[in-house]
Structure formats: structure tokens, C-alpha cells
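See below for the structure under consideration.
The values are calculated or read from the model by the stated rules, or taken from the named source; none is laboratory data. Please read all numbers here as calculations on a predicted model, not as lab measurements. Cβ coordinates were reconstructed from backbone atoms using ideal geometry, including for glycine residues, and neighbour counts include every protein chain displayed. Protein only, heavy atoms only, side chains kept; ligands, DNA and RNA dropped before computing areas. Shrake-Rupley method; radii C 1.70, N 1.55, O 1.52, S 1.80 Å.
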Amino acid sequence: MSSFSSAGTDPTTDRLVLRTWSADELAAVLDGTHRAHWAEDFPADGDRVIADFITGHPDALHMYGHRLVVERDTGLVVGSIGLFWPPTDGAVEMGYGIVPSRRGRGYASEATRALAEFALTAPGVHTVHAQVELANPASVRVLEKAGLRRWSSDADTARYRITAADVTLR
């Protein structure tokens, strides 16, 4: 799996850069305008939901907020990923999505691992968590491959987390 670097404020892996949304990109997603630097199937429905959320919560664009997933080789935006800030008792929730044309390449796990490790560098953050519907086994695999561990579940949902201690043990 790719190594993570946080030089500057954009978490970067061998294949991806996780960069903040621009105001123009938010507007384009919301008004349905396609940009040349986007994969042909970006934005997906989840990206539209996130763009709408960010528009209503502009503080979501801070250093530990929501980001676009960009392929380093092509420069194309292929998804989005984010932390739902602020943390609660040292824990912050994460969500992610990769467009269908780029699924199956390990991008979601790679981006999830990089953003989780980046979040764990934030003052006072010791845990990153995500929840997934058990009916979505691909998303379960994303979290497991990213190094998150299942810590609870019910009939429909599993909750995964990674702690600063987990990253230190790698």
C-alpha cells in the first residue's frame, strides 16, 4: 500500500492527493457544470450531498475538513473524502466516496488511510471512526484495508475505528 505524506496541508499518497474544494468547484457541482479536471463520472450523488453540506457549513473546508480525491497521474478529481469536524471527546468521523469508473483500484482504502493518519496528527484527536451498512461489503473492505478495526455493530451497521496507537504500531 502507498505511503502517506502530509507535506503542506494536502495529504498525499503515491497515487493520490487529497486537496480542499475550491469555491468554484462547489458551485459547479451544485449547478451541474462539469469541469475538465474531473473524471467523466464526477460528481457522484454523494459528492453532491457533500457539496451542499459544505455550502451550508463553510467551516467544513478547514485543514481537517472535506477534500477532493485527485489522481496524481492524471490530475483528475475521482471522489471526495472528509472528516466531520469538530471531534467529540477526541474522536472524529470520516466519510468517503470514489466514482464508479475508478472503483476497484484501491483508491478508497488509500485515501481513507491517508486522511485517517492525517487526522490523527491534529491536536487532541486520538481516534478516527466510520460507520458502514453491512449491506455494502465493498465499503466494509475499504475500511478494513485502510487499517480500521470493527469495534461495534448491530443488525444493519458496523462501526470501525483507528487510533493513534494503531498507527504507531504499524
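Things worth noting here:
- A residue that is more than 25 Å from Met63 (Cα to Cα), at pLDDT 95 or above and more than 14 Å from the chain's Cα centre (by Cα) occurs nowhere in segment 116-127.
- All positions within segment 79-104 that are touching a residue at least 12 places away in the same chain (Cβ under 8 Å), more than 19 Å from Thr163 (Cβ to Cβ) and either open to solvent by 40 Å² or more (accessible area, probe 1.4 Å) or of a type outside the set (A, V, I, L, M) (or both): Gly79, Ser80, Gly82, Gly97, Pro100, Ser101, Arg102, Arg103
- Residue list for segment 7-39, filter: of a type in the set (Gly, Ala, Ser), surrounded by fewer than 18 Cβ atoms within 10 Å (Cβ to Cβ) and over 11 Å from Arg67 (Cα atoms): Ala7, Gly8, Ala23, Ala27, Ala28, Gly32, Ala36
- Scan of segment 17-42 for residues that are under 13 Å from Val99 (Cβ atoms) and either touching a residue at least 40 places away in the same chain (Cβ under 8 Å) or part of a strand (DSSP E or B) (or both), ordered by number: Trp38, Ala39, Glu40, Asp41, Phe42
- Val142 being in a helix (DSSP H, G or I) and either within 18 Å of Asp166 (Cβ to Cβ) or aromatic (Phe, Trp, Tyr) (or both): yes
- Qualifying residues in segment 113-152 (those that are of a type in the set (Gly, Ala, Ser) and open to solvent by 60 Å² or more (accessible area, probe 1.4 Å)) - the one farthest from Gly95 (Cα to Cα): Gly124
- Count of segment 45-78 residues which are open to solvent by less than 50 Å² (accessible area, probe 1.4 Å), more than 19 Å from Thr13 (Cα to Cα), touching a helix residue (DSSP H, G or I) at 6+ places or on another chain (Cβ under 7 Å) and among the aliphatic types (A, V, I, L, M): 3
- Candidates Arg67, Arg105: the one that is closer than 21 Å to Val17 by Cβ and assigned to a loop (DSSP other than H, G, I, E, B) is Arg105.
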